[in-house]
Protein chains: 2
Amino acid sequence: MNCLRLFQDFRFKSNLFILKEELPQFNSTFSIDCVIFGFDGGELKILLIERNEEPFKDWWALPGNLVRANESLDQSASRILNELTGLGDIYMEQYYTFGDPDRHPQGRVVSIAYYALLRLGGDKALKPISTYAKQAHWVNVKDLPKLAFDHQQIFDKGLEKIKRRIKHQPIAFELLPEKFTLTQLQNVYELILGKKLDKRNFRKKMLSFGVLRDLDEKQKGVSFRAATLYRFDKRKYAKLFGKEISF
Amino acid sequence: MNCLRLFQDFRFKSNLFILKEELPQFNSTFSIDCVIFGFDGGELKILLIERNEEPFKDWWALPGNLVRANESLDQSASRILNELTGLGDIYMEQYYTFGDPDRHPQGRVVSIAYYALLRLGGDKALKPISTYAKQAHWVNVKDLPKLAFDHQQIFDKGLEKIKRRIKHQPIAFELLPEKFTLTQLQNVYELILGKKLDKRNFRKKMLSFGVLRDLDEKQKGVSFRAATLYRFDKRKYAKLFGKEISF
DNA sequence: ACATTTACTGTGTTATTTACACTAACTCTG
DNA sequence: CAGAGTTAGTGTAAATAACACAGTAAATGT
C-alpha cells in the first residue's frame, strides 16, 4: 500500500510516463442524435430512419449525424434536423450526452442528444435530403421497433425530459397547428404525460394562464359540434415562465 | 436558386465529393468539467483550481480533465473528482455539454459538465493529487474570480440546475454532515435559492415530508441554546421522489 | 440574576388542487 | 324533420397547500 502510494507520487512528480489506461481519448468523434416528436391524428410519434449503412444496416434508428468542424452543437442539431426533414425554425433542446465507450461498435462516438417538437400533417411535408437512410417514417411512440445502438435509451431519456418540461414550458403548442382546439391541446398533454386529465380542470387552468387567444372561429369539416379555435400568445407567456403547472 | 438545388441533388446522389465545410469533426477530444459545491461555515462554495499549464496558465478554472479511452462519462467524472479532491462516493450528475468550436483556443474540446455536492469541514480533508493545478481552493460563489475558458458560463448553468433540483430532490443533504440541525438545512436552501425563507414554514414543511429522523441528540460545543440534530432517512424518501417542493 | 443569542412553536388567510355530471350544439340518418 | 349520436362546453364545493406573521423557551456568558 505504501509502495503504491510512493509509486503514484513519483509518477505525478516526475511526469515522465503515463499508464496506458490513462491515455485520453483521441481520434474520437461526436454526433447529434435527435428525438423528434410529432403529433398527428391523435397519436404521439417520433421520426425514425431505416439505416442504409453499416453498422446496424437495415435497422431503425434515431436520426442523427456527425458534428462538423466549425459548427456549434446547437447549429449542428438544427442543420441535421433540416437535412432529415426539410424543416427549420423548430424548438430544439439539448438534454443529455451519451458516451459509453462501447456504444458504437466502430469506435468511440460520443453522442449529444437533442429533442425537437414539430407540427405534422397538412401544410408542411417532410422532405428528407440525405442518402444515409433508406427511408424515414413517423412511428407511434407506443409501438417502437428495436432501435440501433443505444437509441432506445436515448429515446427513453428524451421522453422523460419532455414529460417534465411540458409542465413548465409551453412546448405542447409546438406540436399543434397554429389554430387548435382545447381538446387537441389536452390530447397532447395526455399523450405525453401518459394519463387522463379532467376536462374541466384542464380547460380552467389553461385558460387562466391567459396565453391562449380565442379566435372567435370554429373548426370546419368535422362531424358533430365544432370546437372553438385558439392560438398561442407568445408575448403573454413571458410572465408564466418557470412556474410549475401541475395536473 | 434552381441551379443550387440541382447542384445539391447531384452532390447527394453522386456521392463523389464533399464540401470542406461539411467535414465532420475528427481528432477532437472531450473533457469533463466539474462544478463542485461545498457548504462550510455558512457559505456556499465551489472548488476552483489555479491552472499550471497553458492555455490560461495562472488563471482560475473549474476542475476538469480529459476523458480516457476506456471509461464511461460517469466513471470519468468520478475519477476526475477523486483525483482532484481525494474524495469518492459523491452524488454527481451530468447536466449539460458545452461544445462551441472556439471554446478552447487550442482545438476543439467538447466539455461535458457535471456537478457534485459534498460535505466540507472536519472529517474529510481534501487531498488533490494532480500536478496540472498549482493549487485548489474553495471559493465563495458570491465572490468568484474571472474564470478560464467558458467556465463562468458552465458555472452559471450548474447553479441554475441545482436551484431547480433542490426543489425536487434531497440534494441539500449531500452538502451537510450526517447529523445536522434544521437551521443548517435552511441555510443551505437559502444560499442555493438566493433568498430568505420563513423559519416556521420551512420547518413545518421539511418535517411533514417525514424524511428526517430526530436523533434525540443536541448540538455540542456551541454557545447559546443547542439545537436538535437530525439525520436524513433515505428509505422514507422514495415516496417523495419527483414531487415539487416549493418555498 | 441578568443580558444575549438562538431554538422552537401555531393559527388564520388565501390560493390552488381536486373531484365530479349535466346541458348545449351540431351532424347524420331514416 | 325528428331523433339518435357525438363532442363541446360549463360551475361548485371540499380538501389541501401556501403564506404571513411574533412571542416564549432554553441555553450560554458575564
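Here are the numbers for this structure:
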{"item": "Complete set of residues in the range A:170-229 that are part of a loop (DSSP other than H, G, I, E, B) and away from DNA strand C (no atom under 14 Å from the Cβ)", "result": "A:Pro170, A:Ile171, A:Leu176, A:Pro177, A:Glu178, A:Lys179, A:Gly194, A:Val211"}
{"item": "Residue list for the range B:59-100, restricted to those being in contact (Cβ under 8 Å) with a residue 12 or more places away in the chain, in a loop (DSSP other than H, G, I, E, B) and of a type outside the set (Ser, Thr, Tyr)", "result": "B:Trp59, B:Leu62, B:Pro63, B:Val67, B:Gly86, B:Leu87, B:Ile90, B:Gly99, B:Asp100"}
{"item": "Residue within the range B:133-152 that is surrounded by 15 or more Cβ atoms within 10 Å (Cβ to Cβ), modelled with pLDDT of 90 or more, of a type in the set (D, E, K, R) and more than 15 Å from DNA strand C (Cβ to nearest atom) present", "result": "yes"}
{"item": "In the range B:101-121, the residues that are facing chain A (nearest Cβ under 8 Å) and assigned to a loop (DSSP other than H, G, I, E, B)", "result": "B:Pro101, B:Arg108"}
{"item": "Boolean, A:Phe173 is open to solvent by less than 40 Å² (accessible area, probe 1.4 Å), more than 12 Å from chain B (Cβ to nearest Cβ) and closer than 20 Å to B:Ser72 by Cβ", "result": "no"}
{"item": "Hits in the range A:57-85 - residues which are more than 14 Å from every other protein chain (Cβ to nearest Cβ), surrounded by fewer than 23 Cβ atoms within 10 Å (Cβ to Cβ) and either on the phi > 0 side of the Ramachandran plot or of a type in the set (A, V, I, L, M) (or both)", "result": "A:Asp58, A:Ala61"}
{"item": "Qualifying residues in the range B:203-218 (those that are under 14 Å from B:Thr183 (Cβ atoms) and more than 9 Å from DNA strand D (Cβ to nearest atom)) - the one nearest to the other protein chains (Cβ to nearest Cβ)", "result": "B:Met206"}
{"item": "Residue selected from the range B:86-103 under the condition open to solvent by 20 Å² or more (accessible area, probe 1.4 Å) and over 17 Å from A:Asp74 (Cβ atoms), by the criterion farthest from the chain's Cα centre (by Cα)", "result": "B:Gly86"}
{"item": "Qualifying position, being surrounded by fewer than 12 Cβ atoms within 10 Å (Cβ to Cβ) and modelled with pLDDT of 65 or more, among A:Glu50, A:Glu54", "result": "A:Glu54"}
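The values are calculated or read from the model by the stated rules, or taken from the named source; none is laboratory data. Predicted model, so just to flag it, every value in this text is computed and none were measured. Note that we place each Cβ from the backbone using ideal geometry, even for glycine, and neighbour counts take in every protein chain shown. All accessible areas refer to the heavy atoms of the entire protein, side chains included, with ligands and DNA or RNA removed. Shrake-Rupley method; radii C 1.70, N 1.55, O 1.52, S 1.80 Å.
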